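The values are calculated or read from the model by the stated rules, or taken from the named source; none is laboratory data. For clarity, every value in this text was computed on a predicted model and none was experimentally measured. FYI the Cβ positions are ideal-geometry reconstructions off the backbone, even for glycines, and counts take in every protein chain you see. The area values use the complete protein model at the heavy-atom level, side chains included, leaving out ligands, DNA and RNA. Shrake-Rupley method; radii C 1.70, N 1.55, O 1.52, S 1.80 Å.
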Amino acid sequence: MTAASKLGQAGAPAASSPVEQRVRDLRALIADYGYAYYVLDKPVVSDAHYDALFRELQRLESEHPGLASAESPTQRVGAPVSAGFAAVRHAVPMLSLGNAFSEADLVAFDRRVRESLVAAGLPEAELSYSTELKYDGLAVSLRYEGGRLARGSTRGDGTTGEDVTTNLRTIQAVPLQLRGLAPAVLEVRGEVLMYRSDFARLNERQASAGEKVFVNPRNAAAGSLRQLDPAITAQRSLRFFAYGVGEVRGVELPRSHGALLDWLQDAGFPVGRERSRASDPGEMMDFFEQISALRPQLDYEIDGVVYKVDRRDWHEAIGFVARAPRYAIAHKFAAEEAVTELLDIEIQVGRTGVLTPVARLRPVFVGGTTVSNATLHNEDEIRRKDLRVGDSVVVRRAGDVIPEVVRSLPRPVEPVGADGATGPEPPQFRMPGACPACGSPAVREEGEAAWRCVSGLFCPAQRKQALLHFAQRRAMDIEGLGEKLVDALVDSGMVKTAADLYRLEAGQLAALERMGDKSAANVVAAIARSRRTTLARLLFALGIRHVGEEVALVLAREYRGLDVLADEDWNQVQVRKQEVLRENVRRRSRGEKLAPIPLEGVGPEIVASVARFFADPHNRAVIADLRSAGVVCEEQEQPVSSLLAGRTFVVTGTLATMSRNEAHERLRALGATVSGAVSKKTDCLVAGEEAGSKLAKARELGVQVLDENQFIKIIAGD
C-alpha cells in the first residue's frame, strides 16, 4: 500500500471485520489509481482493472449500507436533482487579471512590478516570474474543511458565485479528500474544462441522440457544470486544473508560486505541466512563443499564458488595482480572424430603446465557434469602416468577446459594359427614421452615437424594461412587481403597456407559475394603491429620457398638471428661458434682483426629450389609457417650509436613522435641491457612515459637511 493510502487510514479505528477492511483498502486503491491517472497523467493499471475494483466497492457498499461514506469514490454521482444553485460569497475574492497583448505591455508590467518592490524596500534584483497556461474554461473555487471537500462554487462576479458542489464532486480530477492534509480551511482555485477529444465524443453522442450539439469545449463545460442533475454532469468528462488558493487556515504554504503548484499536486490536484520561470520580459516572450507553437498539440483550449511574481510573500506589497492584482498579468493570444460575406445589416432594438445595427454574415468558423451575427455598434462605426451589404469582411473573435466585423476587403472592380464602365457601388447603409419594433420615430441626439426609439411606453422591445421602471419604488411603488413577474406577464401577453397592469385580476396572476393566491392578491392590492400618486412620481415612472427624479420634481412644481405639461409649446419655453437669461444679465450688471428662470436646471437637451415624448401619439395613447384605468395625480405638494430654499445638498454614506431616499424627501420638503454629485455649487454635504470620495471632494472644495446629528437638527428646525 502507498504512503498516501496509509495516510488515508491514519487516526481511523481498527477494522472490525474483513469486509470493512476490504472497503477501506478499495477506497484507498481507487484514490491512488485516480491520482495517478488524473493528476500525474501516468496510469498504473488498466481501465478494466480499475472498473473491476470500482464495481466491487459498489457491491460491498450496497450489501453493507453502514459502511457508506460521503468521501467514497462511489458517491461522486447520486445526489438528487437540484432546484437551483444557491449564492456563495467568496471568503477571498476571485480576482480577474489584467491583459497584455505585446512585448511592450510586458515591459510596462515588469517596470510597474519593480517600482513597487523598490518602494516597498524589497530586493528587486531577486525578482522572477512563474509562467503557466491560461486555461479557457470556467473558474471555480473548491473549499476543503478538515481535509474534506465541503463546498465548490463558480467564480460568478468575483465576489459571489453559485454553489455547484454536487456537480464538482462528479469530476474525477477533483479530490473529495486531500492527500495527507487536514487543514482547518483550504480553498483551491482552478479551472474546469473539457478536453477536445472528450468534446468530440460528447457531440457525437448528442448528434446520434438527436439532441443539440455544443459549439465549443468551453460552452460544453459551462453547460455541463451548471446542470441541475449531477448525473448528467458526471457523463460529460469534465477536467480540472488548480492554479492558486483562496482562504487558508491551519496549514503553512510554500513561499513561491511554483512550489505552491507542486504542493497542490502532492495534495491531490492536477496542475499544469507546461510551466516555467522567467526573470524578465524577454524570457516571458520566449515562454509565450513556445506555448504558441505547442498550442495546436494540446488536448484542451487555452487563450494565453499567465505570469505571476513567483514570491507569494511579495504579492501584498505589490498590491492591487481595481479588481485585478498588480503582481500577475495574462498574456493573451491574438484574436482569430476569418473572411466571410456581409449578407445584410439588420436593426435590433434594445431594452432601453437603443437601435443597434447587427451584421448578418455567411456562417464562418472563427475563434472556436461558428459566427453568423456580429454587432456593428452604431452608424458611425459602419461609416468609418465603409461596410456595405455584399462586401467580403474580416471577422474577429477572441475567447468570450462578442464577434466583431473588423473591416471590409477592397471591392472588385469589374467592367460591366463593352466600354469598360464599372457598375455602381453598393449603397451606403442608413439608419431607419422609425423604430422597426413599433414604428415610432427614432432619433439621434446631438453628441450621441446611438439612435433611440422615443416610444418607451409603447414599444414592445422596451416593454419589460419600461414596466420595471414604472413599478419601481421611487416611481409608482408597486411592491411585488419584480423582474420574474414582469417577464411572465409580458411573455403571456397579459400586459402590453403600463395601463394593462390596472386591469389585472388576482385570478389571472394566481394562474401564473410560482404565483399563489396570497401573492397574487398582494400584487393586485399594490397596483390598486399606486393609482393615486403625485405628478412627479408619474413623470418619473413614464421613463422619459433624461427625466430623473429631480427633473420630474421641477416639472411638477412648474406645471401642476399633466395636461398642461403635455400640451406645452416647448419651443416657446426655450424662447422664454433665453429671454429671462438675457434680462438677468442686464439686471446683474445693474445690481438688481434677478428674475426667476423658467424650469431652472432643465436644459435644452431635457426640454427636447420631453417635447419628443409628448409629441409621440403612442405615448399619449398610453397616458390616456392610464387615466381611463383610474390613475390619478394628486396635487403636487409645495414645500412645507422655505427654510432650505435655494440651498443644494448632497447625501452620502449610510445614515442610521433613515434611508438616503428618506433624507432626500425631507430635504425637498424644506425647499432644498438634492444633487448626486459634489461641486462648487454644493452648499452642504450630509455624511453618514462609510462616506467615501464625495466627502473627500467636499473637504477639498470647502463645502460645509454635516454629520447625521447635525443634519437631524437642521431638518427638525433646531
Check your understanding: Can you spot a residue in the range 260-272 that is among the aliphatic types (A, V, I, L, M) and not in a helix (DSSP H, G or I)?
Key -> yes
Exercise for review: Go through (1) open to solvent by 10 Å² or more (accessible area, probe 1.4 Å); (2) of a type outside the set (S, T, N, Q); (3) touching a residue at least 40 places away in the same chain (Cβ under 8 Å); (4) over 30 Å from residue 364 (Cβ atoms) one by one and return the number of the condition residue 171 breaks.
Suggested key: (1)
Exercise for review: Within the range 581-611, work out how many residues are open to solvent by 60 Å² or more (accessible area, probe 1.4 Å) and either under 23 Å from residue 681 (Cα atoms) or in contact with a helix residue (DSSP H, G or I) (Cβ under 9 Å, 6 or more places away or on another chain) (or both).
Suggested key: 16
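So, in the range 658-686, how many residues would count as being of a type in the set (Val, Ile, Thr) and either closer than 11 Å to residue 644 by Cα or at pLDDT below 85 (or both)?
Summing the residues that are of a type in the set (Val, Ile, Thr) and either closer than 11 Å to residue 644 by Cα or at pLDDT below 85 (or both) in the range 658-686 gives 2.
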**Study point:** Flag for residue 143 being modelled with pLDDT of 90 or more, of a type in the set (Lys, Arg) and surrounded by 15 or more Cβ atoms within 10 Å (Cβ to Cβ)
**Key:** yes
Review point. Out of the range 320-345, which residues are free of Cβ contacts under 8 Å to residues at least 60 places away in the same chain, part of a strand (DSSP E or B) and open to solvent by 70 Å² or more (accessible area, probe 1.4 Å)?
Key: 343
**Study point:** Selection status of residue 28, on the phi < 0 side of the Ramachandran plot and either open to solvent by 60 Å² or more (accessible area, probe 1.4 Å) or modelled with pLDDT under 65 (or both)
**Key:** no
Check your understanding: Applying the selection to the range 433-452, what residues are at pLDDT below 90, closer than 14 Å to residue 378 by Cβ and either basic (Lys, Arg) or in contact with a helix residue (DSSP H, G or I) (Cβ under 8 Å, 6 or more places away or on another chain) (or both)?
Key -> 445, 449
Study note, to complete from the structure: Counting only residues in the range 202-225 that are among the basic types (Lys, Arg) and assigned to a helix (DSSP H, G or I), the one least open to solvent (accessible area, probe 1.4 Å) is identified as 218
Check your understanding: Can you tell me which residue in the range 146-168 is nearest to residue 234 (Cα to Cα), limited to those that are among the polar types (S, T, N, Q) and either modelled with pLDDT of 90 or more or buried (at least 23 other Cβ atoms within 10 Å of the Cβ) (or both)?
Key -> 167
Check your understanding: Is there a residue in the range 226-240 that is in a helix (DSSP H, G or I), open to solvent by less than 20 Å² (accessible area, probe 1.4 Å), under 27 Å from residue 370 (Cβ atoms) and in contact with a helix residue (DSSP H, G or I) (Cβ under 9 Å, 6 or more places away or on another chain)?
Key -> yes
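For every residue, the table says whether it meets (1) hydroxyl-bearing (Ser, Thr, Tyr); (2) touching a strand residue (DSSP E or B) at 6+ places or on another chain (Cβ under 9 Å); (3) at pLDDT below 85.
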{"site": "73", "(1), (2), (3)": "no, no, yes"}
{"site": "91", "(1), (2), (3)": "no, yes, no"}
{"site": "95", "(1), (2), (3)": "no, yes, no"}
{"site": "99", "(1), (2), (3)": "no, yes, no"}
{"site": "103", "(1), (2), (3)": "no, no, no"}
**Study point:** Test for residue 418: is it aliphatic (A, V, I, L, M), out of contact with any helix residue (DSSP H, G or I) (no Cβ under 7 Å at 6 or more places or on another chain) and either open to solvent by 50 Å² or more (accessible area, probe 1.4 Å) or modelled with pLDDT under 85 (or both)
**Key:** yes
Review point. What number goes with the only condition from (1) within 31 Å of the chain's Cα centre (by Cα); (2) without any contact (Cβ under 8 Å) to a residue 40 or more places away in the chain; (3) more than 25 Å from residue 130 (Cα to Cα) that residue 295 does not pass?
Key: (3)
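Yes/no per residue for (1) of a type outside the set (A, V, I, L, M, F, W, C); (2) open to solvent by less than 40 Å² (accessible area, probe 1.4 Å); (3) assigned to a helix (DSSP H, G or I):
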{"residue": "431", "(1), (2), (3)": "no, yes, no"}
{"residue": "436", "(1), (2), (3)": "yes, no, no"}
{"residue": "476", "(1), (2), (3)": "no, yes, no"}
{"residue": "507", "(1), (2), (3)": "yes, no, yes"}
Exercise for review: Would you mind stating whether residue 176 is touching a strand residue (DSSP E or B) at 6+ places or on another chain (Cβ under 7 Å) and at pLDDT 90 or above?
Suggested key: yes
Exercise for review: Spot the failing condition for residue 199; the list is (1) of a type outside the set (Asp, Glu); (2) under 19 Å from residue 301 (Cβ atoms); (3) part of a strand (DSSP E or B); (4) in contact with a helix residue (DSSP H, G or I) (Cβ under 6 Å, 6 or more places away or on another chain), and only one is missed.
Suggested key: (3)
**Study point:** Total residues in the range 672-702, condition in a loop (DSSP other than H, G, I, E, B) and either in contact (Cβ under 8 Å) with a residue 40 or more places away in the chain or open to solvent by 20 Å² or more (accessible area, probe 1.4 Å) (or both)
**Key:** 10
Revision key, fill the gap. Picked from the range 353-377 (must be in contact with a Leu (Cβ under 9 Å, 6 or more places away or on another chain) and open to solvent by 20 Å² or more (accessible area, probe 1.4 Å)), the residue nearest to residue 213 (Cα to Cα) is 372
Exercise for review: Would you tally the residues in the range 90-107 being assigned to a helix (DSSP H, G or I), more than 12 Å from residue 329 (Cβ to Cβ) and open to solvent by less than 60 Å² (accessible area, probe 1.4 Å)?
Suggested key: 0
Practice item. Mind listing just one residue for me: the one in the range 257-282 that is of a type in the set (Asp, Glu) and under 24 Å from residue 316 (Cα atoms) and, of those, most open to solvent (accessible area, probe 1.4 Å)? Key: 262
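Residues that are at pLDDT below 95 and surrounded by fewer than 17 Cβ atoms within 10 Å (Cβ to Cβ): list the helices (runs of 4 or more DSSP H) wholly contained in the range 512-580 that include at least 1 such residues. Break it down into steps so the answer makes sense when it comes.
On the way: elements: 517-529, 535-541, 549-559, 562-566.
Result: 517-529, 549-559, 562-566.
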Point to revise | Selected residue (only one of 204, 187 is out of contact with any Pro (no Cβ under 7 Å at 6 or more places or on another chain) and more than 30 Å from residue 260 (Cα to Cα)) | key: 204
